[in-house]
Amino acid sequence: MINLVWLVPCFPLLGFLLNGVGRRVFPKGVTGIIGCLTVLASFLISCGIFNAVRADGFTAQTVHLFDFISAGSLHLPFDFYVDQLTSLFLLIITGVGFLIHLYSTAYMHEESGEGFARYFAYLNLFVFSMLLLVLGANYVIMFIGWEGVGLCSYLLIGFWFKNADFTKAANKAFIMNRIGDLGFLIALFWMLQQFGTLTFTEVFPKAAGLGMHATVLTGITLLLFVGAAGKSAQIPLYTWLPDAMAGPTPVSALIHAATMVTAGVYMIARSNVLYTLAPATQWVVAVVGVLTAVFAASIALKQNDIKKVLAYSTVSQLGYMFLGLGVGAYTGAVFHVMTHAFFKALLFLGAGSVIHAMGGEQDMRKMGGLRGPMKITYITFLIACLAIAGIPPLSGFFSKDEILGQAFAASPLLYVVGLAGALMTAFYMFRALAMTFHGTFRGTEAQRHHLHESPPAMTLPLIVLALLAIAGGWVGIPEVLGGHHGLSAFLAPVFAPSQPFIVRHEAAHRTELLLMAIATALVIIMILWALRLFNRYKDDGKPFSGFARVLADKWYVDELYDAAVGRPLKSISGMLDRVVEKAGIDGLVNGVGRSVRWGSRQVRMIQTGQVGFYIFAMVVGMVILLVVGIFL
Amino acid sequence: MLTFLLILIPLLGGLITFGLKGNGARIWSLATALVTLALAATAGVAFRQDPSGLGLDVSWIRQLGSRFSIGLDGMGMMLVLLTAVTYVVIFLAALRHDYERPHHFYGLMLLTQAGLMGVFTAYDALLFYVCWELVLIPVYFLCSIWGGPRRIAVTFKFFVYTFFGSLLMLVGIIYLYFQTPGTHSFSWEAFTHLQLGAGEQQWLFWLFFVAFAIKMPVFPFHTWQPDTYEQAPTPVTMVLSAIMVKMGLFGIIRWVLPVLPQGVAHWSHLVILLSVIGIVYASCIAIVQTDLKRLFAYSSIAHMGLMCAAVFSGSEVGMQGVLVQMFNHGIIITGLWVVVEMLEQRLGTKAIGDMGGIALKAPRIAIAFMIICLGNVALPLTSGFVGEFMMFSGLYHYNGWMMAVAGLAIILGAVYILRMLQRVIFGDANSLTEKIKDIKTHEWLAVAVVIGLILFLGIYPKPLLELVGHTTQTLWALRG
């Protein structure tokens, strides 16, 4: 079974090629079937692989495909690596991916046949790249997928390319990712110099040989983290993700919530040995993660665009995952990737269902009372809100609790900040829920007529994801609640190499229970407060003022970046072009040319045509030569 | 013999073209280019079997001890293939283009090709120098007759500048000639076995380096290039940017590294510093360009800077990267010019600000442009990535900080390419782009060759790596 793993990315690639080539001929039905079936096929094979991996006595396997780059001391095979972590990600990517493909067949039905095919081709290409990312057996193959998903994200954010704002958002996403990628690349070269290889199974033992606190490892892990911060939208490289909402909503669900943005988490979880050996980096990761979590949550409190709320929520949830990675809760972070994929995809698809019904409207101030006409969407959205807020026994509770619990053990301060973010999460999610679904409808009369529940191709994925958002956390019920954390046992071999170095912060069971109880109680209070404030929301048309304004304007970070980097880069470049290039260097070159011409004109004067002068000059020259010859 | 045919066929083909009329010249030159490509491919196959069997060595100027000595190593073979492929793409793309006096235009193009083949195969320094200059002459006429409105001044500058460099090189070659033992010789063999003092090598280095640096061009010797690319007719721009700039790198790898190793060791830090400055500098300037040709000219300067830096990094991986990138950059930049030419033909402009909505009105051109641009920003699985990764790796090996600064090009490259794409292919169509016609068959063929090579060599670069590995091994063996 494992040897068939190459088929997993192969199917979406095939789908991409078919839909790309046949985009003008295929009717939408064919396009949709190709798009969905290829991902479904990958999902089925992934299930088979997952089963094989779960079997007793399984050891991680490398599948060799072909030699990619081989020169001198550099040897980079195109290999896939299958272990527990990979197989879990395969399931998430293809499973959630399939649901979102299915959903898209209905959501995108208003596109032209060609646009529809282009959309599915890009989406399939994305799944292919994402699969490469998690399947690669060395950092270069991972990097291929890493940049590949960035490309697809760029193409899909700018899918409606007539709109200049959308293409600008696409550019921003690609460029910010590239900033991170530079860090990633430098880390690779450093690794190559240090270890002579980029293959996981060779790098990790060699790194373990260096022991704790090696400067090399701190440097490498920090640079890798720069890459992760770009891809997974962490401070300071997060600003592209909210803008990425310009893309179609299912894209936001798949790429900008469930899968691509978790690539950074995957990468660090994969490199867990390196990070465990570099505690200094781990602190950086934890602090950046928790700060991102609260910072983004604070912005989400005051957004009125439903997708913007979800976007900042995603940034914030990714922050939790990095907090988990930073405090050594690798399983917790991966666990949260999984549950987050379920409930955040559900939230986005729910939002998409709402936007679809509202005829493209995304402003929650113009919504309200949608729970009447859109029952399935409402119930599933509510489930997702409860899950993300962390109400037991829904999935988000277990994964977030695991991260916060370990954060507490590492440092109570991290816990307190993290908890503050979690409370804000509960508040902004239920604010969004209430503004959208509760109260009375605030849109136009035409919109009211248009309101309808979405077709089954859209509601079916909602229902499946809702079930997963409820039950997805049960694979990781902690011991203190009487479970035995199956996920932790499953992933144990992946994180085993870190175990000898990990500094265990174990909180007592009683403390754990107490923390859980406090968090849950506070979250419920926040939910009730949000509902109380926004259940009867009326749009008074007044803009935010004071601090609310700062939050609504996203702390002016975009403006800051533009002033600090964007505009200076442009003006320096302009200056280089006009002054240094044209006037300076080229001026010098032309000046040399001119002075040669001028000099020649002067020298020409000597040629007077008078023989007497020539003889005089000859004699002078001979005398000089004689003198030089005698005295030197 | 095969190697000799590679020079002879374009030479004869070019001479015959002068006598043809109208369409005949186009068809004939395309046929000649195809024959040359077939020959190059044959040579490639023969080279795989026996790398040493392709040489030809006959007496040429006996009085000077200069021989007509040609042959192929991995790098030479690669550049011969690049030249052959590029010419086919150029002639395909320009198949429907009406140049005045086409027989002269295409004839001169083919003569240039013959000269280029000579440069890449010469193993005699005098022969190398003669071919080096022979390339320049037809290009001079091509630019100054068929170029843009500022062609006379720009071409004159280009000619004088590069000729100045060549003369320095000639002085260097003659000096080395007199150092060879016995009845002097110009052969590569003799040059590489010279026992030169360190001080001697240090000043000799500059005689050669300036010539090659102007050709590449390396910062700050680059200012002739954007003007020339802008004013030259597009087929000539393609020859210049895809092949002729590689002559500079070729010269360094063939004639400087093995002949003046101590000179290289002494100056490599300065050269790498200049190159790295040039990479960032050119990338920044590319951001503010408003003309497509000038934008790609600066992009090309940045790419050449990286190649030059990697050559001097002294790393085997870096050197392999350079050799691979010489080919891939040639293909990618040719593809970019093909698209620019298509747009200019249809819209009558190459100003970025005047375009928009190409993806809407001519989606095939847009797709092709997008893929080639992705190659230009070195996206993985395009051919641009392979060489760039290896060159950065080599540069990192030399100095991590240098690599980090040069790496800014990865970000800046995305900035200028994406900004350009946004303005040119995305957005809504305007009155100018409203009626643009999509790609034609012969253009599609040209683009397909380019895209096919970009993807194939991006996914499976092994054949190319193996080919040029031959040269790297020779160089490292000479170093001992």
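The values are calculated or read from the model by the stated rules, or taken from the named source; none is laboratory data. Quick caveat, the model's predicted, so the values are computed rather than measured. No Cβ is skipped: glycine too gets one built from the backbone with ideal geometry, and neighbour counts run over all protein chains shown.
Could you tell me whether any residue of the stretch A:130-144 is part of a helix (DSSP H, G or I) and among the small types (Gly, Ala, Ser)? Looking for residues that are part of a helix (DSSP H, G or I) and among the small types (Gly, Ala, Ser), one finds none in the stretch A:130-144, hence no.
The condition of being out of contact with any Pro (no Cβ under 8 Å at 6 or more places or on another chain), more than 9 Å from chain B (Cβ to nearest Cβ) and farther than 21 Å from residue B:321 by Cβ holds for only one of A:180, A:150, that being A:180. Pairs linking a residue in the stretch A:493-504 that is assigned to a loop (DSSP other than H, G, I, E, B) to a residue that is not basic (Lys, Arg), with Cβ atoms under 7 Å and 6 or more positions apart or on different chains, are A:501/A:212; A:501/A:276; A:501/A:277; A:502/A:276; A:502/A:328.
When each of A:269, A:280, A:293, A:263 is tested for being in the same structural domain as residue A:207 (by TED's automatic domain parsing) and closer than 30 Å to residue A:547 by Cβ, the lone residue that passes is A:293. Selection of the stretch B:119-128 for residues being surrounded by 24 or more Cβ atoms within 10 Å (Cβ to Cβ) and part of a helix (DSSP H, G or I) yields B:119, B:120, B:121, B:125, B:128. Between A:417, A:464, the distinction of being surrounded by fewer than 23 Cβ atoms within 10 Å (Cβ to Cβ), assigned by TED's automatic domain parsing to the domain that holds residue A:351 and closer than 27 Å to residue A:272 by Cβ belongs to A:417 only. Is it the case that some residue within the stretch B:203-218 is outside any helix (DSSP H, G or I), outside the structural domain of residue B:315 (by TED's automatic domain parsing) and surrounded by fewer than 24 Cβ atoms within 10 Å (Cβ to Cβ)? Checked against the condition, which is being outside any helix (DSSP H, G or I), outside the structural domain of residue B:315 (by TED's automatic domain parsing) and surrounded by fewer than 24 Cβ atoms within 10 Å (Cβ to Cβ), the stretch B:203-218 yields no hits at all. Quickly run through the stretch A:153-167 and pick out the residues that are within 9 Å of another protein chain (Cβ to nearest Cβ) and touching a residue at least 40 places away in the same chain (Cβ under 8 Å). Result: A:158, A:163, A:166. When B:277, B:285, B:301 are checked against the criterion of being within 12 Å of another protein chain (Cβ to nearest Cβ), within 16 Å of residue B:229 (Cα to Cα), over 18 Å from the mean Cα position of the chain (by Cα) and part of a helix (DSSP H, G or I), a single residue qualifies: B:285.
For the stretch B:262-273, the criterion of being in contact with a helix residue (DSSP H, G or I) (Cβ under 6 Å, 6 or more places away or on another chain), of a type outside the set (Ser, Thr, Tyr), surrounded by fewer than 23 Cβ atoms within 10 Å (Cβ to Cβ) and within 14 Å of chain A (Cβ to nearest Cβ) is satisfied by no residue at all. Each residue in the stretch B:419-436 was checked for being facing chain A (nearest Cβ under 7 Å) and either surrounded by 24 or more Cβ atoms within 10 Å (Cβ to Cβ) or in contact with a Leu (Cβ under 8 Å, 6 or more places away or on another chain) (or both), and 2 of them qualify.
Of everything in the stretch A:144-198 that is more than 25 Å from residue A:124 (Cβ to Cβ) and small (Gly, Ala, Ser), the residue that is surrounded by the fewest Cβ atoms within 10 Å (Cβ to Cβ) is A:196.
When residue B:313 is tested against (1) surrounded by 21 or more Cβ atoms within 10 Å (Cβ to Cβ); (2) assigned to a helix (DSSP H, G or I); (3) not charged (D, E, K, R), just one condition goes unmet, and that condition is (2). Could you tell me whether residue A:124 is at the interface with another protein chain (Cβ under 9 Å from one of its Cβ atoms) and either of a type in the set (S, T, N, Q) or crowded, with 24+ Cβ neighbours inside 10 Å (or both)? Spelling it out, it is not the case that residue A:124 is at the interface with another protein chain (Cβ under 9 Å from one of its Cβ atoms) and either of a type in the set (S, T, N, Q) or crowded, with 24+ Cβ neighbours inside 10 Å (or both). The single residue among A:119, A:103 that is part of a helix (DSSP H, G or I), farther than 17 Å from residue A:26 by Cα, among the hydroxyl-bearing types (Ser, Thr, Tyr) and away from every other protein chain (no Cβ under 13 Å) turns out to be A:103.
In this structure, residue A:71 qualifies as within 14 Å of another protein chain (Cβ to nearest Cβ), surrounded by 16 or more Cβ atoms within 10 Å (Cβ to Cβ) and of a type outside the set (S, T, N, Q). Condition (residue is under 23 Å from residue A:184 (Cβ atoms), β-branched (Val, Ile, Thr) and touching a Phe, Trp or Tyr at 6+ places or on another chain (Cβ under 9 Å)) applied to the stretch A:304-312: is it met by at least one residue? Among the residues of the stretch A:304-312, not one is under 23 Å from residue A:184 (Cβ atoms), β-branched (Val, Ile, Thr) and touching a Phe, Trp or Tyr at 6+ places or on another chain (Cβ under 9 Å), which makes the answer no. Residues that are closer than 23 Å to residue B:143 by Cβ and among the polar types (S, T, N, Q) were ranked within the stretch B:156-208; the one that is farthest from the other protein chains (Cβ to nearest Cβ) is B:166. Only one of the listed residues (B:186, B:163, B:191, B:178) is closer than 19 Å to residue B:246 by Cα and either of a type in the set (Phe, Trp, Tyr) or in the same structural domain as residue B:245 (by TED's automatic domain parsing) (or both). That residue is B:163.
Checking each residue in the stretch B:219-258 for being small (Gly, Ala, Ser) and not in a helix (DSSP H, G or I) picks out only B:232. When we screen A:141, A:93 for residues that are within 14 Å of another protein chain (Cβ to nearest Cβ) and under 16 Å from residue A:9 (Cβ atoms), the only hit is A:141. With the structure loaded, tell me whether residue B:432 is in contact with a helix residue (DSSP H, G or I) (Cβ under 6 Å, 6 or more places away or on another chain), more than 24 Å from residue B:383 (Cα to Cα) and among the aliphatic types (A, V, I, L, M) or whether it fails that test. So residue B:432 passes the test. Looking across the stretch B:453-462, not a single residue is away from every other protein chain (no Cβ under 14 Å) and surrounded by fewer than 17 Cβ atoms within 10 Å (Cβ to Cβ). Report, by residue number, each residue of the stretch B:396-418 that is touching a residue at least 60 places away in the same chain (Cβ under 8 Å) and facing chain A (nearest Cβ under 7 Å). If the condition is that a residue be touching a residue at least 60 places away in the same chain (Cβ under 8 Å) and facing chain A (nearest Cβ under 7 Å), then B:397, B:415 are the ones that fit. Taken across the stretch A:77-89, residues that are within 14 Å of another protein chain (Cβ to nearest Cβ) and touching a residue at least 12 places away in the same chain (Cβ under 8 Å) do occur, with at least one present.
Answer yes if at least one residue in the stretch A:235-247 is touching a residue at least 24 places away in the same chain (Cβ under 8 Å), under 19 Å from residue B:414 (Cβ atoms), buried (at least 24 other Cβ atoms within 10 Å of the Cβ) and hydroxyl-bearing (Ser, Thr, Tyr), and no otherwise. Taking every residue of the stretch A:235-247 in turn, at least one turns out to be touching a residue at least 24 places away in the same chain (Cβ under 8 Å), under 19 Å from residue B:414 (Cβ atoms), buried (at least 24 other Cβ atoms within 10 Å of the Cβ) and hydroxyl-bearing (Ser, Thr, Tyr).
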